[in-house]
């Protein structure tokens, strides 16, 4: 049979056990909450790092694509310009090797277009000068006459093609290189349309 003292000691022991259990349960809850919070924070940080890595990756890919597209356009433009240059060079070469009839037709059109009023002296290359006959000049002058113009052939000069019309105060350079230089933009636009018509359509 328990004495009063034994009852008191038992009550104190029970109270201690209950308090210890309460403290342990509270500590476990706190630990669990801390773990959950830490896990959530870690997951959040992980998601943030993932999103940042994904964003950085997209940015790098975008920059790489833009760089590639720019290089592609530059290479394409360079290739097109090279083809245009080659086409122009081929046209000049063909003009330098025209047969007499075709050469005289070209020279006639150039004289009619570029000659000025008054007396002009035509100077051709040593190669082309013998091909310009008096009959041809008479035919051209018969057309120029109504505009107050007249040309005659002078001595040959050191040029590769075309001709020069000399006047008292000015010379008109009708060599193919000079003519092409003055019409370069127009020629390039025309050749570009012919060579790359599929890009326009």
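Taking the listed residues 67, 3, the one that is modelled with pLDDT of 75 or more and out of contact with any helix residue (DSSP H, G or I) (no Cβ under 9 Å at 6 or more places or on another chain) is 67, with no other qualifying.
Do we have residue 95 as under 13 Å from residue 163 (Cβ atoms), surrounded by 14 or more Cβ atoms within 10 Å (Cβ to Cβ) and in contact (Cβ under 8 Å) with a residue 60 or more places away in the chain here? Considered against the rule, which asks whether it is under 13 Å from residue 163 (Cβ atoms), surrounded by 14 or more Cβ atoms within 10 Å (Cβ to Cβ) and in contact (Cβ under 8 Å) with a residue 60 or more places away in the chain, residue 95 comes out as yes. Of all residues in the stretch 133-162, those satisfying the criterion of being within 15 Å of residue 100 (Cα to Cα) and touching a helix residue (DSSP H, G or I) at 6+ places or on another chain (Cβ under 7 Å) are 136, 161, 162. Starting from residues that are surrounded by 15 or more Cβ atoms within 10 Å (Cβ to Cβ) and in contact (Cβ under 8 Å) with a residue 40 or more places away in the chain, keep the ones in the stretch 139-166 and report whichever is farthest from residue 112 (Cα to Cα). The residue in question is 161.
Of 83, 103, all but one fail to be under 30 Å from residue 169 (Cβ atoms) and in contact (Cβ under 8 Å) with a residue 24 or more places away in the chain; the exception is 103. Of the residues 83, 77, 9, the single one that is outside the structural domain of residue 132 (by TED's automatic domain parsing), at pLDDT below 80 and under 30 Å from residue 125 (Cβ atoms) is 83.
The values are calculated or read from the model by the stated rules, or taken from the named source; none is laboratory data. Everything numeric here is computed off the predicted structure, so don't read it as measured data. Note that each Cβ is placed from the backbone with ideal geometry, even for glycine, and that neighbours are counted across all protein chains shown.
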